[in-house]
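Presented below is the structure to which this report refers.
The values are calculated or read from the model by the stated rules, or taken from the named source; none is laboratory data. Keep in mind that this is a model prediction, so the values were computed, not measured. All Cβ positions, glycine included, derive from the backbone under ideal geometry; neighbour counts span all protein chains shown. We work out accessible area using only protein heavy atoms, side chains counted, and drop any ligands, DNA or RNA first. Shrake-Rupley method; radii C 1.70, N 1.55, O 1.52, S 1.80 Å.
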Amino acid sequence: MAGLRITGSTRLAGIMGWPVAHSRSPLLHSFWLEETGIDGAYLPLPVRPEHIEQALRALPILGFRGCNLTIPHKQAALSVVDRVDPLARRIGAVNTIIVARDGTLEARNTDAYGFRENLREAAPDWHPGFGPAVILGAGGSARAVVTALTDTGVSEIRIVNRTISRAEAVARDLSTAATRITVHSWGEVSRVQRDAGLLVNTTSLGMTGEPPLVLELLLSPSAPVVDIVYTPLETGLLAAARRRRHPVVDGLGMLLHQGRPGFEAWFGAPVHVTLELRAAVVSTLALPR
Ligand SMILES: NC(=O)c1ccc[n+]([C@@H]2O[C@H](COP(=O)([O-])OP(=O)(O)OC[C@H]3O[C@@H](n4cnc5c(N)ncnc54)[C@H](OP(=O)(O)O)[C@@H]3O)[C@@H](O)[C@H]2O)c1
C-alpha cells in the first residue's frame with residue numbers, strides 16, 4: 001500500500017480503544033481510502049477508560065468526522081453521546097460515532113449489520129426457516145448477533161452461556177413477539193443443537209491465547225456454523241464444521257462488513273468487501289501485534 005499523504009483538508013476518523021494496537025480497523029479503512037482515492041486518514045486512538053468522555057467530546061473540536069469504538073468503550077459511550085440510534089439502544093452497545101454538522105455526536109451499532117451481511121454472503125442458502133439458532137455466549141457481541149437474528153425473522157434463539165444471569169439478561173432485553181429466546185447451561189449444549197438450523201460462537205473460546213472451545217457438533221450438516229472469532233481465521237470450531245461439511249462462516253467477514261456504514265458516513269463514499277480487502281487483512285492476522 002502506498003504511503004498516506006496528509007493535506008490541510010484531510011478528513012479524519014479513527015478507532016478509540018484501550019488497548020487499540022491489535023485493531024485491524026486502521027488497515028481496513030486505509031485500504032478503502034486508498035481504493036476510493038479519498039483525502040482521508042483513519043488513526044488508532046489509544047484512549048484510557050477514564051478519558052472516554054473527554055476524548056469523544058474532543059472529536060468535533062479536532063475536526064474529526066467520527067470514530068469507531070472497541071473494548072472497553074462500547075457501553076460507556078452510550079451515556080456520553082447526544083443521540084443513540086434505536087438499534088444501538090436495543091443492543092446496549094455502540095461501535096460507531098458520527099459527528100454531525102452541528103458538532104453533536106450520534107452513536108450507532110454496526111456489528112449486527114456486519115454479522116447479517118457476512119452470513120448472507122458466506123451462507124447464502126440459509127434462511128430463518130432452517131430452525132432454531134444456537135448462540136454460544138451472552139456478551140456484547142452476542143447481543144448484536146441475537147438482534148440481527150431476531151430482525152431476520154428467526155423464531156427461536158437458544159443462548160448457551162457459562163454465566164446464566166448474563167444470558168437471562170439478553171433474553172429479557174432482546175426477546176420480541178416473534179422471537180422466543182431461551183437460556184441454557186453448557187451441560188445442555190448437545191440437546192439444544194440437535195434440531196438447530198444455525199450455530200454461532202460468540203464466546204472468546206477458541207481465540208488465540210484463550211482456552212479452546214470444546215464442542216461436539218450434532219446439528220444437521222446443512223446448518224451453517226459461524227465463529228465470530230477471527231484470530232485464528234480457521235478456529236477449531238470451523239475446522240470441525242468443515243469436516244462435517246457444514247457451510248462455515250468465519251469472523252473476518254463480520255469485521256469487514258461492520259466497517260462499511262462508518263466509512264460511508266465519515267468519508268461519503270460507498271465501499272465493498274472484496275477478495276483483495278480480505279487478502280490484505282488476512283496477511284496481517286498471522287503477524288504478532
Ligand atoms: N468478528 C467480529 O467482527 C467481532 C466483533 C465483536 C467481537 N468479536 C469477538 O467475539 C468474542 C467475544 O467478544 P465480546 O465482545 O462478546 O466479549 P465479552 O462481552 O467479554 O463476552 C465474552 C463471552 O465469552 C464467554 N467466555 C469467555 N471465557 C469463557 C470461558 N473460559 N468459558 C466459557 N465461556 C467463556 C463469556 O461467558 P460469561 O458471560 O460466562 O463470562 C461471554 O459469553 C471475542 O473473541 C471478540 O474478538 C468479533
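In plain terms, the bigger the Kirkwood radius, the slower the diffusion; for the chain, with that radius from Cα pairs, at 4 °C and 1.567 mPa s, Stokes-Einstein puts D at 66 µm²/s. Among 141-148, 71-78, the peptide with the highest mean count of other Cβ atoms within 10 Å heads the list, and the full ranking is 141-148, 71-78.
Efficiency by 1/(1 + (r/R0)^6): what FRET value for residue 279 and residue 62, r their Cβ-Cβ distance, R0 = 45 Å, to the nearest 0.05?
FRET efficiency, residue 279 to residue 62: 0.85.
On a per residue basis, the stretch 242-289 carries 49 Å² of accessible surface, using protein heavy atoms and a 1.4 Å probe. Computed in the context of the full set of protein chains, the accessible area of the stretch 1-154 at 1.4 Å probe radius has 54% of its extent on carbon or sulfur. For the chain, DSSP calls about 20 percent of its internal beta bridges antiparallel.
Remark: spin-label model distance residue 127-residue 168 equals 3.7 nm, labels positioned 7 Å along the Cα→Cβ axis.
Using only alpha carbon pairs under 8 Å that are at least six residues apart, calculate the relative contact order of the stretch 1-117 and give it in whole percent.
Relative CO of the stretch 1-117 lands at 24 percent.
Global dimensions of the stretch 157-289 from alpha-carbon coordinates: Rg and Dmax equal 16.8, 48 Å.
Reported to the nearest whole Å, the Cα centre-to-centre distance from the stretch 68-96 to the stretch 211-289 is 23. In this simple spin-label approximation, residue 76 and residue 177 carry label points 7 Å from Cα along the Cα→Cβ vector, and these lie 3.9 nm apart. Please identify which residues in the stretch 164-205 have an amide N closer than 16 Å to a label point set 7 Å out from the Cα of residue 216, following the Cα→Cβ vector. Residues passing the 16 Å test: 186-195. Computed over protein heavy atoms with a 1.4 Å probe, the accessible surface of the stretch 1-97 works out to 49 Å² per residue.
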